[in-house]
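*Asks:* Please read through the structure below; I'll follow up with questions.
The values are calculated or read from the model by the stated rules, or taken from the named source; none is laboratory data. None of the values given here were measured: they were computed from a predicted structure. Quick reminder, even Gly has a Cβ in these numbers, built from the backbone with ideal geometry, and neighbours come from all protein chains shown. Surface areas here come from the heavy atoms of the whole protein model, side chains and all, with no ligands, DNA or RNA. Shrake-Rupley method; radii C 1.70, N 1.55, O 1.52, S 1.80 Å.
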Amino acid sequence: MAPQERTPCCEEDSHQNGTIQNNLSNIDLSGSFINKGYTPDESDNTKSENEEKRKKATDFDDLLPYVGEFGIYQKILFLMMIPFAFFVSFVYFSQIFMTIVPEQHWCWVPELANLTVEERRGLAIPPKPDGPFSHDRCHMFSADWAAALAQGRTTPDDEWPIIPCTSGWEYNRSDVPYETIASQLDWVCDKDNLAATAQAIFFCGAIVGGLVFGWIADKYGRIPALVGTNLVGFAAGIATAFCNTFWSFALCRFLVGLAFDNCFTMMYILVLEYVGPKWRTFVANMSIAIFFTLGASLLPWIALWADDWRTYALGISAPFIIAAATPWLVPESARWLLSQGKIDKALVIMKKFERINKSKIPDKVLNEFTEATQKAIKESEADSKTYSVLDIFRTPRLRRNAILLIIIWMAISLVFDGHVRNVGSLGLDIFLTFTIATATEFPADTFLTLVLDRWGRRWLACGSMVISGIFSLLATTVPIGGPSATLAILGRFAVNISYNIGLQYAAELLPTVVRAQGVALIHIMGYVASIVAPFVVYLANISQELPLLILGVLGIIGGVLCLLLPETMDTEMPQTLLDGENFGKDQKFWDNPCFPRTDKEVNTETYTPSTYQEDHFIRSLPASGSRASVRASIRLSTRSKRVPRMLAAFSIKSLFRFYEEELQSLDHRRSVRRNSTT
C-alpha cells in the first residue's frame, strides 16, 4: 500500500462493536497489522448493501465517492491544467533561447564592411588552427585598414599587433538564426558570464517567490496565489521584451522567477485535491508527462518562428493573462476552506460538483462530515503545540536523514538543471537537441509510474542517479556531436526519474508535524543548487567536457548517498518526531523490495502507539507550499499490474477509459483479498 493511501479496511459496519473507532478504517487489515478488537459476526451479513459499504464521513476524501472521484468536473479541471503546465515550462526554459549566442563569432571591423565575410575574417582575425574554431573569437589585428585596403592586402601582416575587439562582434547565424539579447548586447568573450548570471538571478527570484506566494496561498487561498503568480509572470515577461541593458534584463528575470513553480503548482494542488485517491497517480503523472513536456518541447520552435528575442518574449508571456479568468473557472481549494473554518463555502463547491457530475451527497453524510470538521477545527485551535524546522535536527537519526535529503536533492537539482542548460554544448543543433532531451520526460514519468511501487524509492533513486552519472561521464569520452549528445540525453532521461523520486522522498520520510517546513527547506536548498548550475554549464567555454564531467561525478555521489536513507515504500508515513527518529530502524542496508528478507518476523498483534494510536493517527495531505510537498501526494494508490497497456493509448479519452478499467480490476482484487483475510 502506498504511503498516505486511504483504503477502507473493511466494508462491514463497525457500529455494533463500540470499541471500534472510525479512524480504524484507515488501517489496511490486509497488511501486517490485525485488529483484534473486531470479530466478524454472522449478523453483519444481514445488513443492507448500502449500510455495509458506508462509513461515517469524517474526512474530505469521504465525500468524493458520492460526487464522483473522477467525474465530468474533475476531467474538465484536469484539462484546465494545460495552460498552467505550459506557463511553468515557458518560465523555466524560455531564458535559454533569449541568451544563446551563435558559436561562431568574431570581431567586427567597420572599416572592412565592404568586404565579404571571408575576406574580413581572413584579413582582420587571427587564425587558431589548434582550437575548436578556425579563428579567434575575441581578438583582432590592429592596423591601418585604409592603407591595407589601398595596398590590396588580403592576408594579415605578421607584425600587426593583436588586440581585443574594439567595435563589437559579428555572428554566423547558421546555428541561431535570430537575434538574441546576448548577441544584441555582445555578451561574449569577457562578458560571456552575463547570461549565466542572469539565470542565477532568476533562481534567486524563485526562492523569494516560493516564500511569498506560499504564504499567500496559506493566508488568502490557492486561487489568489495562482492568479497573482501568473500575473507577475505576465507583467515581468512583457517587460523583458523592452530591456536594453543587462541590469534591466536581470531585474525582469528576477521578477519572472517569482512566478516559477507556483504558476503551475497551485493549479496542480487544486486538481489533486478534487480527485479521488485512486486517480491521483494518473492525474499527477500524466499532467507532467503530457502537458509540461509538450509545452517545453514547443519552446524552441516558438523561438524560431518569432525570429527575434523580443517577439519571442512577448509571445510566450502574453498568454499568462489567461490566468486572470481563473476565479470564474476554477473552484477554490475546499480543503483550504475547511482548514480556515469556512465549511459553508466548501459545501457550496461540492454542490457544484454534484450538479455537473449529476450526483448527490446524502444529507446524513453531509451532517456527519460537518460535525466531524467542526470538531477537528476546535481540537486544532485547542492544541497549542507548535513545531519548527529546527526540530528535524534535534535527534540523531532524523537529523542524519534530513541532511542526507538536503544534499541528495541539491545534487539532483544541480544535475537536472545542468543537463537542461548544457544542450548548447553538445555539438548539435540546439533546438532539435533540446526538444529530444525534453521529450524524455514522458517515458521517464511513465516508467516511474510502472515501477516505483514495485522497486521502491531507495534503490531506484540510487540506480537512476548513478546511471545518469555514468552516461554523463561516458559522454566526455566520445567525439563531440551525435555520440556525446546521445549519451548526454540518456543521462537526462535517468535524472528525470531520480528528480521525480526526490520530490516525493522527503515528504514520505519527514514527520507530519514538521513535514511542510522540512520539505520547503529542502526545496529552497534545491533552488540554491540550481543557482550554481548555469555557472557549471558556463565551464564549457573553458572545456566542453567539464560540465558533463562535473554532472557525472555529482550524479554518482548523489546516487550512492540515497542508499543511506531508509526505504519508504509500503510504509506508513511518520506522524510524530519520535516516529521520524525510529523510522527504518528495522531495515538493513541491502534490503530491497524486489528481494524481501525471508527471515523477517512480522508481528501481527502489536503496533507502534505513536504511529497508530487513535488520537494521533491522521492522514493529512502534505502542505502545499512547494512542488516537492505536492508531488508527495501523487502516489496515493497502488499501481495497476497491467499499466504497460497505457503505452498503447493515443488519446486522453482512451487513457481515462483504460485507467478506469484498471481501477475496477484493482478494486475487485482488493475486495477478494480482504474477504479472504476476514
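*Asks:* Just need the relative contact order of the stretch 138-268 here, percent rounded to a whole number, with Cα pairs under 8 Å and 6+ apart.
*Replies:* That works out to 25 percent.
*Asks:* Taking each pair of distinct Cα atoms in the stretch 229-367 once, what is the resulting Kirkwood hydrodynamic radius in Å?
*Replies:* In the stretch 229-367 this quantity evaluates to 17.9 Å.
*Asks:* Still on this structure, please answer the following. Rounded to a whole number, what % of the accessible area of the stretch 233-328 do carbon and sulfur atoms account for, probe 1.4 Å?
*Replies:* 79
*Asks:* Using only the Cα atoms of the stretch 62-122, construct the convex hull and provide its projected area averaged over every direction, in square nanometres to one decimal.
*Replies:* Here the figure is 7.8 nm², rounded to one decimal.
*Asks:* Additional query: Residue 389 to residue 339: FRET efficiency via 1/(1 + (r/R0)^6), r the Cβ-Cβ distance, R0 22 Å, to the nearest 0.05?
*Replies:* Calculated value: 0.65.
*Asks:* Shifting gears a bit: Which entries in 278/342; 219/375; 75/351 show an alpha-carbon gap greater than 20 Å?
*Replies:* 278/342; 219/375
*Asks:* Of the listed peptides 114-123, 482-491, 174-183, what is their order by residue-averaged count of other C-beta atoms within 10 Å, with the highest listed first?
*Replies:* In descending order of packing, they fall as 482-491, 174-183, 114-123.
*Asks:* Given a cut-off of 23 Å, what percent of all Cα-Cα pairs of the stretch 327-456 lie beyond it?
*Replies:* The answer is 67 percent, as a whole percent.
*Asks:* How fast does the stretch 461-535 diffuse by Stokes-Einstein, in µm²/s, taking the Kirkwood radius from C-alpha pairs at 20 °C and 1.002 mPa s?
*Replies:* Calculated translational D: 153 µm²/s.
*Asks:* Residue farthest toward the positive end of the dipole of the stretch 386-496, with Cβ of Lys/Arg at +1 and Asp/Glu at -1: which of 483, 455, 472?
*Replies:* Going by the charge dipole, the pick is 455.
*Asks:* Using just the C-alpha positions of the stretch 401-521 as equal point scatterers, what log10 of I(q)/I(0) does the Debye formula give at each q in 0.11, 0.20, 0.21 1/Å?
*Replies:* -0.40, -1.06, -1.13
*Asks:* For the stretch 194-299, just the Cα set please: Rg and Dmax, both in angstrom.
*Replies:* Just the Cα atoms of the stretch 194-299 yield Rg and Dmax of 15.5, 51 Å.
*Asks:* Right, next: In 10 Å bins starting at 0, how do the alpha-carbon pair distances of the stretch 56-196 split up by percent?
*Replies:* Result, from short to long distances: 10, 27, 20, 11, 8, 8, 7, 6, 3, 0 percent.
*Asks:* Another question, then. Which net charge results for the neighbourhood of residue 359, defined as the other residues with beta-carbon distances under 13 angstrom from its beta-carbon, given Lys and Arg at +1 and Asp and Glu at -1?
*Replies:* Once all neighbours under 13 Å are counted, the net charge is +3.
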